[in-house]
Amino acid sequence: MAQMEPKEKKEKTIVTNRKAYRDYEIFEKREAGIELMGSEVKSLRAGKVNLSDSYASVEHGEIILFNLHISPYEMSGKGSHDPLRPRRLLLHKREIRRLLSATAEKGFTLIPLRIYFKGPYVKIELATGRGRKMYDKRERTAQMEADRTIERAMRRKTK
């Protein structure tokens, strides 16, 4: 009898927070579940979500996600959800304690990087990060542009 290999769960990214990599220095990434209502999941499948200004914090031993805007599902009728309601993230207690100690350091915050489907479940990728100063952003942009021009010159040289 042949051994059955476990099926790999496919990931389908719904939304990414592109501003996070520009505005924050990312240190540690972690996957978490997110507690949602049925109409919110339907809106996520339709791609009606905005992740840009959202953040997470530890409150009363739980991690809560704030400012995540999930548009109300059009077909849900009267009992629709509040688009900006705080949502609880699902993590083990030891992971919550680790994130609490990481955010207790000065300047660190929890930033959601992307929301995606993993099999039938909605997951969120959280990262601990430190905000960048304006001069850091300018320096990083200048460095990236310099790298691009060097890469272009190298490509032209090899042709």
Can you give the log10 of the normalised intensity I(q)/I(0) at q = 0.16, 0.17, 0.26 Å⁻¹, computed with Debye over equal Cα scatterers of the stretch 61-133?
-0.72, -0.79, -1.33
Is it possible to state the helix-based mean residue ellipticity at 222 nm for the chain, with each DSSP H run of 4+ residues giving -39500 (n - 2.57), the sum divided by total residues, to the nearest 500 deg cm²/dmol? What is it?
-10000 deg cm²/dmol
Only Lys, Arg, Asp and Glu count, each charged at its Cβ (+1, +1, -1, -1), so figure out the dipole size of the chain about its Cα centre, rounded to 20 debye.
660
Scalar couplings 3J(HN,Hα) for the stretch 64-76 by Karplus 6.51 cos²θ - 1.76 cosθ + 1.60 (θ = phi - 60°), nearest whole Hz, x for Gly and Pro, are 10, 9, 10, 6, 7, 9, 10, 4, x, 6, 5, 8, 7
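Past 29 Å, Cα to Cα, is the threshold; run Lys12/Lys93; Lys10/Lys157; Lys29/Lys137; Lys19/Lys106; Lys42/Lys106; Lys29/Lys133 against it and keep the listed order. Provide the component values of the computation, followed by the final result.
Working: Lys12/Lys93 27 Å; Lys10/Lys157 40 Å; Lys29/Lys137 21 Å; Lys19/Lys106 21 Å; Lys42/Lys106 38 Å; Lys29/Lys133 21 Å.
The answer is Lys10/Lys157; Lys42/Lys106.
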Rounded to the nearest Å, what's the spacing between the alpha carbon centres of the stretch 7-55 and the stretch 104-148? Just the number, please.
13
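With a ≥ b ≥ c taken as the square roots of the eigenvalues of the C-alpha gyration tensor of the stretch 5-44, please select rounded if a/c is under 1.5 and otherwise prolate if a/b is larger than b/c or oblate if it is not? Write down the numbers at each step before the final one.
Numbers: a/c = 2.23, a/b = 1.32, b/c = 1.69.
Oblate shape, in that a/c is at least 1.5 and b/c is the bigger or equal ratio.
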Computed over the chain: longest principal axis from alpha-carbon atoms vs helix 93-104 long axis, angle to nearest 10 degrees, is 50
Which of the listed residues, Ser80, Phe27, Gly131, is farthest toward the dipole's positive end in the stretch 11-132, when Lys, Arg count +1 and Asp, Glu count -1 at the beta-carbon?
Phe27
Can you give the extra length, in nm with one decimal, that the chain gains between Arg140 and Thr16 once fully stretched, where that is 0.36 nm per residue apart less the Cα-Cα distance?
42.6 nm
Can you pull out the GluC sites (Glu not before Pro) in the stretch 86-131 that DSSP calls coil and that have at most 15 other Cβ atoms within 10 Å?
Glu105
Could you give the nm distance between label points at Ile26 and Arg132, where each point is 7 Å from its Cα heading toward the beta carbon?
1.2
Projecting the Cα atoms of His69, Asn17, Ser101 onto the charge dipole of the stretch 1-133, where Lys and Arg contribute +1 and Asp and Glu -1 at Cβ, the residue farthest towards the positive end is Asn17
Gyration tensor on Cα atoms of the stretch 11-132, a ≥ b ≥ c root eigenvalues, a/c under 1.5 rounded, else prolate if a/b beats b/c, else oblate, says prolate
On full extension of the chain, what length is gained from Asn67 through Ile96, given 0.36 nm per residue of separation minus the C-alpha to C-alpha distance?
8.5 nm
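All of the numbers you see were taken from the coordinates with simple rules; none came from a lab. In this text the structure is predicted, and so the values were computed from the model without any measurement. Glycine also receives a Cβ, built like all others from the backbone with ideal geometry; neighbour counts cover every protein chain displayed.
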